[in-house]
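One structure below.
The values are calculated or read from the model by the stated rules, or taken from the named source; none is laboratory data. Quick caveat, the model's predicted, so the values are computed rather than measured. Virtual Cβ from ideal backbone geometry, glycine too; neighbours counted across all protein chains shown. Accessible surface is based on the protein model in full, side chains and every heavy atom, while ligands, DNA and RNA are left aside. Shrake-Rupley method; radii C 1.70, N 1.55, O 1.52, S 1.80 Å.
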Amino acid sequence: MSLDLGQRAELTRSYTAQDMRDFAGMAGEGTPVPDAVPGPLIGGLFSYLLGVKLPGRGTNYLKQSLEFLAPAPVGEPLTASVTITRLRPEKHLVDLETVCEAADGTRICQGRALVYVEDVGKG
């Protein structure tokens, strides 16, 4: 796959009340059920995109920073996206912007990811 600056991938997912109960159950006995989608589940959307969509198979996560700006509503569509902002083929590195928005356009989370890709190419 050829990688280019500005290339983007996105995923839309809704988390249900049952997902929140399951999350609390995995966190341990006595953990309260969250009333908003927890950060690790949003981070998981970025992990999926990076490993499956862009850059895709063979991607190794090196760094991730996330800033949470608003609660993520349960039961409503959330759209996570990753966009290539820098390519460093000589070091096999790809920098990406990560964003998650609610259906109404509210920015839930924003951040950056740095990944190692064996074949970055030159676009």
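For the chain, the share of accessible area belonging to carbon and sulfur comes to 51 percent (1.4 Å probe, ligands and nucleic acids excluded). Dipole of the chain computed with +1 at Lys/Arg Cβ and -1 at Asp/Glu Cβ about the Cα centre; of Gly51, Val74, Met26, farthest Cα towards the positive end is Gly51.
Descending by average beta-carbon neighbour count within 10 Å, the peptides 16-26, 108-118 line up as 108-118, 16-26, the highest first. Annotation: per residue accessible area for the chain equals 56 Å², rounded to a whole number [probe 1.4 Å, protein chains only]. Within the stretch 23-82, the trypsin sites (Lys or Arg not before Pro) that combine a DSSP coil assignment with at most 12 other C-beta atoms in a 10 angstrom radius are Arg57.
Database remark: amide H of Val74 closer than 5 angstrom to the amide H of Val37 (H placed geometrically; neighbours at sequence offset of 5 or more, or on other chains; Pro and chain starts carry no H).
Across the stretch 75-123, Cα-Cα distances exceeding 15 Å account for 51% of all pairs. Of the GluC sites (Glu not before Pro) found in the stretch 1-102, the ones in coil according to DSSP and having at most 11 other Cβ atoms within 10 Å of their Cβ are Glu29.
Let me see the P(r) profile for the chain: every Cα-Cα distance counted, bins of 10 Å, each bin given as a percent of all pairs. Result, from short to long distances: 14, 42, 28, 13, 3, 0 percent. Computed from point charges on the beta carbon alone (+1 for Lys and Arg, -1 for Asp and Glu), the dipole magnitude for the stretch 63-123 about its Cα centre is near 280 Debye.
Please get the size of the charge dipole for the stretch 1-52, origin at its Cα centre, with Cβ charges of +1 on Lys and Arg and -1 on Asp and Glu, quoted in debye to the nearest 20. Before the final figure, lay out each step's value.
Values: 3 positive and 6 negative charges, 19 e Å.
Around 100 debye, computed over the stretch 1-52.
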